[in-house]
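> I'd like to ask you about the structure that follows.
Read the figures in this text as sums done on the coordinates, not as results from a lab. Remember, predicted model here, so these are calculated numbers, not experimental data. Cβ sites come from the backbone with ideal geometry, for glycine too, and all protein chains shown count toward neighbours.
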Amino acid sequence: MSSTTPLLDVSGLTKHFPIKGGFPIRRTVGHVQAVDGLDFQVGEGESLGLVGESGCGKSTTGRLITRLLEPTAGKISYQGKDITHANRKQLAPVRSEIQMIFQDPYASLNPRHTVGKIIAGPMEINDINPAGGREKRVRELLEIVGLNPEHYNRFPHEFSGGQRQRIGVARALALEPKLIVADEPVSALDVSIQAQVVNLLQKVQQELGIAFVFIAHDLAVVRHFSQRVAVMYLGKIVEIADRDDLYGNPRHPYTRALLSAVPEATVDETPARERIRLQGDVPSPINPPSGCRFRTRCWKATEKCATEAPPLVQVEGNKPGHLTACHYPETADTVPAPRLSKDPEPAV
Amino acid sequence: MTPPTPSAAAPLEVTDESVEKSITSPAPSANESKSPGQLAWRRFKRDRTGVAAACIVIFFFVIALCAPLIAKLYGKDPYTTYGLSTPGLLGDNGLPVKPNGGIDGEFWFGIEPGLGRDLFTFLLYGIRNSLLIATAITLLVVIIGVTLGVTAGYLGGKTDWLIGRVIDILLAFPSQLFFVAFTPVVLALFVGADENTPVWLTVVCLVGLLTVFGWASIARLLRGQVLALREREFVEAAKVTGASPARIIFKELLPNLWTPILIQATLSVPAMVTTEAGLAFLGVGIQDPTPDWGVMIGQAAQVYQDDITFLLFPGVSMVIFVLAFNLLGDSVRDALDPKTKR
């Protein structure tokens with residue numbers, strides 16, 4: 001984290017979706033607590049990975065940052081400017097700097113528009129006229145993302161999933177953003193294509209200095225891509241740390257369980273590490289457990305966990321910037337640290 | 001890092017026709033790419049039933065548009081009572097003297113029993129008026145239906161609730177009964193009891209009533225389509241770049257809605273033609289001296305036991321038209337939506 005104002009500063013971010021029901025008058029009978037009090041920062045050019053299992057609020061977080069959803073509470077600042085409840089007009093200058101890459105490359109491109117029109121769309125909306133015209137800029141962008149500029153007049157249905165995702169990346173780059181929220185950009189792709197797209201995103205991040213919020217459930221991809229990683233569970237961040245810290249020294253039991261579940265591809269003489277099996281299902285976000293939300297599945301839970309929600313703090317033995325929300329953090333010797341083959345190569 | 005080669009993933013295609021294309025041309029150039037519209041047109045041209053139906057429909061529209069020209073070349077008009085002015089055409093019982101309803105070289109489709117009007121031009125002008133009314137209603141229905149349906153679907157909330165309830169009421173209404181019962185009431189609002197109803201007023205009234213009851217079904221259909229589309233990620237992508245709701249509706253959503261709109265419109269025209277004819281037959285639509293498909297069938301039904309050819313021409317032509325238009329509607333749907341295979 002830089003000492004100056006971070007690019008994106010999120011504090012206490014909360015999103016509760018109301019559940020309507022009842023007859024004859026429909027009223028709110030409960031809330032899905034999709035995201036419940038997130039605090040994190042993203043610095044210039046930094047990549048923050050957001051991991052967690054399905055339904056933990058990762059995507060909701062991404063949509064809150066890009067203001068596709070209205071936060072229930074909390075604050076989102078971009079370059080020190082509060083954009084939490086900004087309306088469309090107020091957001092206009094920020095829009096071009098925060099862009100998004102979507103999960104489903106089949107749904108995220110309008111099937112009736114040509115590639116050229118899709119990528120030029122953001123420039124048209126924001127009335128940006130690059131030197132040499134929009135078409136030239138679109139061709140440049142197509143080249144940056146590794147597509148043939150001649151494909152300008154083609155329609156999305158003529159491309160494969162990986163190519164479509166490249167078009168999505170080109171569209172996000174069209175406005176020269178400073179921050180890209182990538183919502184599971186590779187999870188819908190074939191494994192062999194995943195690596196290509198991740199490498200493309202990495203190239204973009206390094207060469208253009210764009211900050212990323214990289215949402216994924218694949219720990220290996222996040223490790224490859226992100227300098228900092230936040231682990232989410234049921235709408236809360238349970239642990240956030242620099243990449244090597246988190247993967248090398250996970251302090252939260254949930255992080256450790258997640259890491260232990262990553263399949264190992266290496267075969268060597270050391271005995272297989274212990275696999276932590278979590279019992280039961282993720283509790284419902286409509287009525288989350290009291291205290292620590294992970295306690296219902298945690299093997300160390302005590303009375304304290306049920307009554308007192310653990311704060312996200314730098315627990316004893318953590319490096320600066322490594323925050324863990326746990327009353328009984330793991331230590332290196334309790335469970336052997338899981339190994340991960342470092343840079344995943346395309347499995348072709 | 002190694003720059004990934006774009007060609008590696010090229011042959012992975014999604015839709016059937018693109019697979020076909022990638023087989024025929026492994027390295028297609030940029031000029032060869034086809035829009036969904038062009039692909040639909042190509043599929044349509046391969047559908048023989050559809051092309052034949054389209055030809056018939058176009059033929060009907062052409063003769064309807066050219067009715068005055070044809071009548072001029074033919075040398076007759078639908079209003080002159082030839083049977084009364086020229087002796088020898090109608091017998092003492094009012095029926096044409098010549099067999100088959102008086103068909104001969106001069107009166108191609110015969111003459112009308114009683115008044116002796118020329119049936120060929122009467123049918124031409126009847127088709128012209130009926131198609132004019134049906135097309136006008138369809139246009140209005142589509143415009144109103146699309147606007148309200150898309151608005152309801154995209155905005156949701158209270159707007160959606162309000163429009164949805166109005167649609168429910170309109171669809172639950174026995175509209176045919178309403179037309180029969182209320183057309184005279186509506187006309188009476190504008191015309192005194194002792195005056196004649198001007199033709200334009202009848203037409204406006206007819207178009208208005210059928211439009212009021214016609215837009216509901218297309219609005220409901222489009223509302224559903226928009227509900228499905230607005231959650232798609234490309235709409236979110238447009239929002240992220242700061243697109244206005246108007247831009248999202250017209251530039252992002254509407255191009256994806258042309259398929260249902262076109263299908264609904266092509267199915268609506270024949271429905272309106274038959275409804276309009278039905279009302280004319282029942283005596284609440286267009287009235288006698290004005291040529292109209294329904295009026296003609298109504299007149300013919302009174303004398304069909306003596307002069308079946310009078311009924312045959314308007315009846316058969318309407319069956320052909322409605323059938324062709326419905327087949328055209330089916331073909332348009334098949335061409336636009338390749339996934340609905342029958």
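> Cut-off under 20 Å on the C-alpha distance; same-chain residues fewer than 8 positions from B:Lys72 excluded. Which aspartates and glutamates are left, in chain and number order?
Result set, ordered by chain and number: B:Asp104, B:Glu106, B:Glu112, B:Asp118, B:Asp292.
> Treat every Asp and Glu Cβ in the range B:125-336 as -1 and every Lys and Arg Cβ as +1, leave all other atoms uncharged, and give the resulting dipole magnitude about the Cα centre to the nearest 20 debye.
940 debye
> Right, another one. Which aspartates and glutamates have a Cα less than 19 Å from the Cα of B:Lys45, not counting those fewer than 8 places away in the same chain?
B:Asp16, B:Glu17, B:Glu20, B:Glu32, B:Asp330, B:Asp334, B:Asp337
> Separate question: Which of A:Asp190, A:Asp281 has the fewest other C-beta atoms within 10 Å, and how do the rest follow up to the most?
Least crowded to most crowded, the residues run A:Asp281, A:Asp190.
> Turning to a different aspect of this structure: If you add up the charges near B:Gly164, with Lys and Arg at +1 and Asp and Glu at -1, over every other residue whose beta carbon is less than 13 angstrom from its beta carbon, what do you get?
+2
> Same structure again: From the backbone phi of the range B:323-334, what are the Karplus-calculated ³J(HN,Hα) couplings (6.51 cos²θ - 1.76 cosθ + 1.60, θ = phi - 60°) in whole Hz, Gly and Pro given as x?
Couplings: 4, 4, 5, 5, 4, 4, x, 4, 5, 4, 5, 4 Hz.
> Right, here's the next one. Taking 2.2 N^0.38 Å as the expected size of a compact globular protein, what ratio does the Cα radius of gyration of the range B:76-200 give against it, to two decimals?
Rg over 2.2 N^0.38 Å, computed on Cα atoms: 1.68.
> If the viscosity is 1.002 mPa s and the temperature 20 °C, what translational diffusion coefficient in µm²/s does Stokes-Einstein give for the protein assembly as shown when Rh comes from Kirkwood over Cα pairs?
71 µm²/s
> Neighbour counts of other C-beta atoms within 10 Å: give me A:Arg26, A:Arg275, A:Arg251, A:Arg67 arranged from fewest to most.
With the fewest neighbours first, A:Arg26, A:Arg275, A:Arg251, A:Arg67 line up as A:Arg26, A:Arg275, A:Arg67, A:Arg251.
> Still on this structure, I have one more. Work out how far the C-alpha atoms of chain A reach from end to end along every principal axis, then list the three figures in whole Å, largest first.
Computed over the Cα atoms, the extents are 65, 64, 45 Å.
> Averaged across B:227-236, how many Cβ atoms of other chains sit within 10 Å of each residue's Cβ atom?
5
> Taking other Cβ within 10 Å of each residue's Cβ, how do A:Tyr106, B:Tyr125 sort, fewest first?
A:Tyr106, B:Tyr125
> Follow-up. Determine by what factor the alpha-carbon radius of gyration of the range B:125-336 differs from 2.2 N^0.38 Å, reporting the quotient.
In units of the 2.2 N^0.38 Å rule of thumb, it is 1.21.
> Moving on. Which whole-Hz couplings ³J(HN,Hα) result when phi for each residue of the range B:136-147 is put into the Karplus expression 6.51 cos²θ - 1.76 cosθ + 1.60, θ = phi - 60°, listed in order with x for Gly and Pro?
Taking θ as phi minus 60°, the curve returns 4, 4, 4, 4, 5, 4, 5, 4, 5, x, 5, 4 Hz for the range B:136-147.
> What is the dipole size for the protein assembly as shown, taken about its Cα centre, with +1 at each Lys and Arg Cβ and -1 at each Asp and Glu Cβ, in debye to the nearest 20?
For the protein assembly as shown, the charge dipole is close to 1060 debye.
> Moving on to the next point. Per residue of the range B:226-231, in order, report the coupling 6.51 cos²θ - 1.76 cosθ + 1.60 (Karplus, θ = phi - 60°) as ³J(HN,Hα) in whole Hz, putting x for Gly and Pro.
5, 4, 6, 6, 5, 8
> Amide H neighbours of A:Met100 under 5 Å, counting only residues 5+ apart in sequence or on other chains, H built in-plane at 1.01 Å?
Amide H neighbours of A:Met100, under 5 Å, 5+ apart: A:Val181.
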